[in-house]
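Quick notes on the structure that follows.
The values are calculated or read from the model by the stated rules, or taken from the named source; none is laboratory data. These numbers were taken from a predicted model, which means no experiment stands behind them. Note that we place each Cβ from the backbone using ideal geometry, even for glycine, and neighbour counts take in every protein chain shown. The protein model used for the area step is the full one, side chains on, heavy atoms only, and it has no ligands, DNA or RNA in it. Shrake-Rupley method; radii C 1.70, N 1.55, O 1.52, S 1.80 Å.
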Amino acid sequence: MFLINCPFCGEREQSEFKAGGEAHIERPKQPTELSDDEWAEFLFMRKNIKGVQFERWNHAHGCRKWFNIARDTSNDQIKAVYKMGEKPPVK
Amino acid sequence: MSKNLRFKSSKLLDETYRISFKFNNKIYYGYKGDTLASALLANDVHLVGRSFKYHRPRGIMTAGSEEPNAIIQLHDNTSRTEPNVRATEIEIYEGLVASSQNCWPSVNFDIGGINNILSPVLPAGFYYKTFMWPKNFWEKYEYFIRKSAGLGKSPKEADPDIYEHKYIHCDVLIIGAGISGVIAAKMAAKNGLKTLLVDEKSFLGGSTTYDNSEFSKINNQIASSWLEKEVNEISKLENLEIKTRTSVAAFHGYNFLLARENLTDHLPINQRKNKIRHRLLKIRAKKVISATGAIERPLIFDNNDRPGILLSSAIKKYIDLYGVACGENIILFTNNDTAYETAISMTQRGIKVNAIIDNREQVDSKLSYEVEKNNIRIFKGYTVVDTYGYKRINGLSIMKLSKDGQKVIGEKIKLSCDSLGVSGGWTPSVHLFTQSGGKLKFREEDQVFIPSKYPSDQLCIGSCNGDFTIEEITANTILSIKKFLNIKNTNYKTLEIMTGINKSKRNIWLLPSDKILGKTKSFVDYQNDATAKDIKLALREGFRSIEHVKRYTTTGMGTDQGKLGNMHALGIISETAGTKMGEHGTTTFRPPYTPLTFGTIVGRNVGKFFDIIRRTPIHDWHVINNAKFENVGQWKRAWYYPKENENMHQAVQRESKAARDCAGILDASTLGKIDIQGTDASEFLNRVYTNAWSKLAIGKCRYGLMLNEDGMVYDDGVTTRLDENHYIMTTTTGGAANVLGKLEDYLQTEWPELDVYLSSVTDHYATISVCGPHSKKIVSKVIPNLDFSDEKFPHMSFKNAKIGEIKCRVMRISFTGEQSYEINIQSNYGKSVWEKCMEAGKNFDITPYGTETMHLLRAEKGFIIVGQDTDATMTPIDLQMDWIVSKKKYDFIGKRSLYRSDTIKEDRKQLVGLLTENPEEVLEEGAQIVTDIKKSPIEMLGHVTSSYYSPNLNKSIALGVVKGGKKMLGQKLIIPMENKNINVTVADPVFLDKEGKRLNAKL
Ligand SMILES: [Zn+2]
């Protein structure tokens, strides 16, 4: 069980958080302009890599804020925690 | 007792405290401090169980948690009965009752023993190969296999004991209180660090506690005496918390560990009352030091599993710690110096060492000279090729090893013994280290895996780090702890060590025999009866990865996770395949290190504490009025209110009729309520619901459908505009938390520019719904100041009102199709307003109804229940709810998905009404719907989602989803049941009052 450094509350147990999948997948501003394939790319396609992955997490049993983390999926080490809207740190 | 196997003056035992216990229905005696194993051995009992597959007699093999054979059933046939308890770990107490498991009718005469004779036809993978064919016979085989297999019996009654969980945060956790753990604890605590030291034993000091020989000295003192002083000193240290009888079960990432503290298992039963039995410690440590020691390896030779064969270190421990001899004529078999320590302990106590069989040609150490001085025969360069005796070893034969160790040569020599101690060197206990994600490396000199890469802030010291001699252990521990904890000065300058051990070792994973391998039974995994032959067979059949070989042969799959034999399995694989050790992977050790009881895992979360129970403010009234409840999520909801002898069907029929004929009242407090405020609230609703919201007037209500981004229905409910920038949204009971989460997600991540605030107010309000033709008269009596006329207060509108001084909100909305009013009032007034409604409705036969009637009434109207009539594959179009999907809005959640190539298909499953040919026949929910029963396989068109007998229509009605159902109106379909086929006709899902006249009570 890892510890996550919520940018609003500080370090807390993983059990207080909810994972929200891959980060930086922005909802298209004009969905109607998209082809089926383009929409499906947004809707369904997610990465599952071994290594540093950017993820959305929510402090569900705390401040209820969403934020991003950079997590190494091979050892669960969290390389960075950053707020929504901020750019991912360079690897 | 005929033999004298017990010595006086053991450090651990209290010889003034004699304890009687029962094993296999016979009474024995031992002393306080004995384990069940040491007490049995003192009574000359070696045979304690039968092996899993061949039912071979098995004896106590070790003196610790690695024990594969001596696993017993504790407290036969009581609620405390517990299987798979290791006799080597359980301390005896007055009243202990234990018995062998995995044997029938008794350990001395076991019918399953026939498997031993049949063993040539029971090779690895036998069950997979034989019983899986023909396929449909498996059920028959399984019955017999399950009957004769299985380890122990689980209790049949509730566990009477108390368990609890505790969080511990510390600077340093030290696992294992052997010599290196004790040194580390002293250094850490004296350096001001908050330190926790745990050990699975009842005492501190590990094996050095009984290292009493002249050949092992620290600063010129006998090692055990030196350590005793150290243990006394650390017991008084302020920063140090010590927990004995505490076994670390799991080592997770981020230095999070679980340990089981055993508090009462060693106490007499009558002293355990109201005490906590086990405590699960959830430890978060800044730094972890593993000092988990090492486990002695057995040797792999023919018939290496007979009762009386033990690890040589176990024989030493039984002598030096418990004062128990494992026999009177003992042979030791070794490939290293460890067995010589055992021999010296034995001669000190006057126990006969018949011989030492040593794989090595060259043996020279202070220890071996001492042994030779005592005139003990040493067979150098020899190996054991066979053993004799069925229920207890009585002899063995040995032969000379060839130079390369691959063959045996020369004459066979027979020797007699009543016990055999084996030593194949030591295996570091890296289980917890690897659990944490640590990587191992292989050390060629002595063929061991040792820690190499730490995944977190941790350190391994002592023999679990591959240091096996006392000078290596002490020197390296002090050095590495200094560095790890950044300590400048220590109390330990240089320790002066004297040891008699020479590190030489001759490692042969599978010892050669004069017989061909197929004729031998050389056990690698004792508990699961996996032999060297089985492993070689697996390799011949193409298995390569250790994980596959493990599963195929079941090596390492027992309750002991193969703590003794895993290394040999790896060794035999690499030898046979001609590869390097570790190349086929090492086995992964998984938590728990030793088995945990369910009680420990569950802790206090049992009975009514198992899960949160949510009750509405009106709950007590429902209880008094005989309601039956159903669980909806964590909520208890009134299900129906049976009168006198009514069954559920009768009650629901009565309630349903009353709601339509006069008046019904429902507790709807569990519906999710979200308060939405902000200048962009309308825009926000526009984006989350499928229909349009900007034009909804203040004081009006609207039904909304919420989709996932994939276009599938997610939740529904009525939302009311309370003010310009203020709405209250209702959600389904089960969906409340998820809907709030989803809305927050969009607000924070996709639309942070919107000025909207969300607040869950589900528990703040009680919701009372009064429906039926007389509902208006009833609520008018409860709230006399409010104008309930249809002109002032039409359907789908809302009013602020007061009941006495208490503010409330009244919505005129309907889930039943009847004229209906919902009163929302501060929770703590809920029950009193409910009672007021009951009083006001007395003359109109107001009838409380539960969720079952609510479901029936809405089904008559064809209203869906999200989650019952939908799953995550239904779009609003599939539900024939096209009317609620706005064509004008540019975007809303899920809109784009509604015209994906897949969602616009015409033959998707669509919601339809179903009417049975026989109006009395009620369909089963979940039943399959088909059209052609002659086709094979029959094509499944869909299934029934809701089904009731309608007392208002006097016929059976149902909703279902059917492929292409929209176009099937009037078509006949078939519901095939186990013993009949039911004919149905596809109908409009709205069965009652399609025009909606009843909403205004115009019947
Ligand atoms: Zn937070």
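Applying the selection to the stretch B:896-924, what residues are within 14 Å of chain A (Cβ to nearest Cβ) and open to solvent by less than 30 Å² (accessible area, probe 1.4 Å)?
B:R896, B:S897, B:L898, B:T903
Out of everything in the stretch A:75-91 that is assigned to a loop (DSSP other than H, G, I, E, B) and at the interface with chain B (Cβ under 10 Å from one of its Cβ atoms), what residue ends up being farthest from B:T903 (Cα to Cα)?
Here the answer is A:N75.
Within the stretch B:367-385, which residues are open to solvent by less than 10 Å² (accessible area, probe 1.4 Å) and either closer than 14 Å to B:K352 by Cα or in contact (Cβ under 8 Å) with a residue 24 or more places away in the chain (or both)?
B:L367, B:S368, B:V371, B:T383, B:V384, B:V385 - these are the residues of the stretch B:367-385 that are open to solvent by less than 10 Å² (accessible area, probe 1.4 Å) and either closer than 14 Å to B:K352 by Cα or in contact (Cβ under 8 Å) with a residue 24 or more places away in the chain (or both).
Just checking, which of B:I309, B:I356 is over 45 Å from the mean Cα position of the chain (by Cα) and buried (at least 23 other Cβ atoms within 10 Å of the Cβ)?
Of the residues listed, the single one that is over 45 Å from the mean Cα position of the chain (by Cα) and buried (at least 23 other Cβ atoms within 10 Å of the Cβ) is B:I356.
Can you confirm whether the stretch A:47-70 contains a residue that is polar (S, T, N, Q) and under 26 Å from B:H169 (Cβ atoms)?
Scanning the stretch A:47-70, I find at least one residue that is polar (S, T, N, Q) and under 26 Å from B:H169 (Cβ atoms), so the answer is yes.
Could you grab me the full set of residues in the stretch A:56-74 that are open to solvent by 20 Å² or more (accessible area, probe 1.4 Å), more than 8 Å from chain B (Cβ to nearest Cβ) and within 14 Å of the ligand (Cβ to nearest atom)?
Listed by number, the residues that qualify are A:H61, A:G62, A:C63.
Among the residues of the stretch A:43-74, count how many are part of a helix (DSSP H, G or I) and of a type in the set (A, V, I, L, M).
Residues in the stretch A:43-74 being part of a helix (DSSP H, G or I) and of a type in the set (A, V, I, L, M): 1 in total.
Anything in the stretch B:434-446 that is more than 16 Å from B:T594 (Cβ to Cβ) and in contact with a Pro (Cβ under 9 Å, 6 or more places away or on another chain)? List them, or say none.
B:S436, B:G437, B:G438, B:K439, B:L440, B:K441
What residue, of B:S780, B:S769, B:S775, B:S789, is away from chain A (no Cβ under 14 Å), within 24 Å of B:Y849 (Cβ to Cβ) and open to solvent by 30 Å² or more (accessible area, probe 1.4 Å)?
B:S780
Take the residues in the stretch A:1-22 that are in contact with a helix residue (DSSP H, G or I) (Cβ under 8 Å, 6 or more places away or on another chain) and open to solvent by 60 Å² or more (accessible area, probe 1.4 Å); name whichever of them is farthest from the ligand (Cβ to nearest atom).
Restricting to residues being in contact with a helix residue (DSSP H, G or I) (Cβ under 8 Å, 6 or more places away or on another chain) and open to solvent by 60 Å² or more (accessible area, probe 1.4 Å), the top hit is A:M1.
Please verify whether B:K391 is open to solvent by 10 Å² or more (accessible area, probe 1.4 Å), within 30 Å of B:A325 (Cβ to Cβ) and not assigned by TED's automatic domain parsing to the domain that holds B:D44, treating the condition exactly as stated.
Considered against the rule, which asks whether it is open to solvent by 10 Å² or more (accessible area, probe 1.4 Å), within 30 Å of B:A325 (Cβ to Cβ) and not assigned by TED's automatic domain parsing to the domain that holds B:D44, B:K391 comes out as yes.
Within the stretch B:710-751, track down each residue that is surrounded by 18 or more Cβ atoms within 10 Å (Cβ to Cβ), within 14 Å of chain A (Cβ to nearest Cβ) and assigned to a loop (DSSP other than H, G, I, E, B).
B:D710, B:G711, B:M712
Of all residues in the stretch A:76-91 being open to solvent by 70 Å² or more (accessible area, probe 1.4 Å) and of a type outside the set (K, R), which is farthest from the ligand (Cβ to nearest atom)?
Going through the qualifying residues, I end up with A:V90.
Against the conditions (1) open to solvent by less than 40 Å² (accessible area, probe 1.4 Å); (2) touching a residue at least 60 places away in the same chain (Cβ under 8 Å); (3) under 30 Å from A:S35 (Cα atoms), where does B:A872 fall short? Just the number, please.
(1)
Can you tell me which residue within the stretch A:26-55, out of those that are hydrophobic (A, V, I, L, M, F, W, C) and closer than 30 Å to B:F256 by Cβ, is farthest from the ligand (Cβ to nearest atom)?
In this case the residue turns out to be A:I49.
How many residues does the stretch B:822-856 hold that are under 49 Å from the mean Cα position of the chain (by Cα) and basic (K, R)?
Final tally of qualifying residues: 1.
Given the options B:F863, B:F892, name the one that is under 23 Å from B:V652 (Cβ atoms) and assigned to a loop (DSSP other than H, G, I, E, B).
Of B:F863, B:F892, the one residue that is under 23 Å from B:V652 (Cβ atoms) and assigned to a loop (DSSP other than H, G, I, E, B) is B:F863.
Looking at (1) facing chain B (nearest Cβ under 10 Å); (2) not in a helix (DSSP H, G or I), find the lone condition where A:A40 falls short.
(2)
Scan the stretch B:433-448 residue by residue and report those that are open to solvent by 10 Å² or more (accessible area, probe 1.4 Å) and not in a loop (DSSP other than H, G, I, E, B).
Selection gives B:T434, B:Q435, B:K439, B:L440, B:K441, B:F442, B:R443.
Would you point out the residue of the stretch B:879-895, among those that are of a type in the set (F, W, Y) and open to solvent by 80 Å² or more (accessible area, probe 1.4 Å), that is nearest to A:P31 (Cα to Cα)?
B:Y890
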